[in-house]
Amino acid sequence: MIDPKLLPARVLELMDPITRKQLGRGGRTQSEIAAAAQFKDEKEFHEQTEAELRRRNLYFVTSRMDRKPTIREGAADYIVILPGERCVMLELKLVGGEFSDAQIENARDYHNQTGGVVHPCYTLLDVIRHLPPEA
């Protein structure tokens, strides 16, 4: 068995993905490692947001991160339902994250139909700023 630590990054990139998978975690390319770290950070941000929404006893709708969404493509990460037939749309982004074309189109449609705004949130503090004050 080849020790993947001894293989140059370029060799790993050129290898067949099935062969690299047999090498275990050490067979991942730099881009795969970065993508896994980004997914982990984004998942943690979502968990923090959900904890805050639950702490405030707010009703919200979100899609699972580990599966293909069953709601409209580009929909905000969190649709928070508030008293008085109001809602807050939150789109969570890691610093440096960009909106997809579908997210931009969805935000535009939401605004045109309701006058509402999809709020980009880069930190938990951003999330809290867009929620109603606690009683």
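A short reminder: the numbers here are calculations on the coordinates, not readings from a lab. Everything numeric here is computed off the predicted structure, so don't read it as measured data. Here the Cβ is made from the backbone with ideal geometry for all residues, glycine too, and neighbour counts use every protein chain on show.
Values as computed for the structure displayed
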quantity	calculated
Packing-based exposure ordering (other Cβ within 10 Å, fewest first) of 93, 43	43, 93
Tilt relative to the chain, helix 101-114 - C-alpha long axis, 0 to 90 degrees, to 10	10 degrees
Nearby aspartates and glutamates by direct alpha-carbon distance to residue 43 (threshold 14 angstrom, same-chain neighbours under 8 apart not counted)	66, 77, 91
Net charge dipole size for segment 1-103 [Lys, Arg +1 and Asp, Glu -1 on Cβ; Debye, nearest 20]	340 debye
Neighbour-count order for 60, 39, 99, fewest beta carbons within 10 angstrom listed first	39, 99, 60
Square roots of five times the Cα gyration tensor eigenvalues for segment 7-129, Å	35, 16, 12
Calculated P(r) tail over 17 Å for segment 13-79, as whole % of Cα pairs	59 percent
Set of aspartates and glutamates with alpha-carbon distance to residue 21 below 17 Å, sequence-local pairs under 8 removed	3, 13, 32
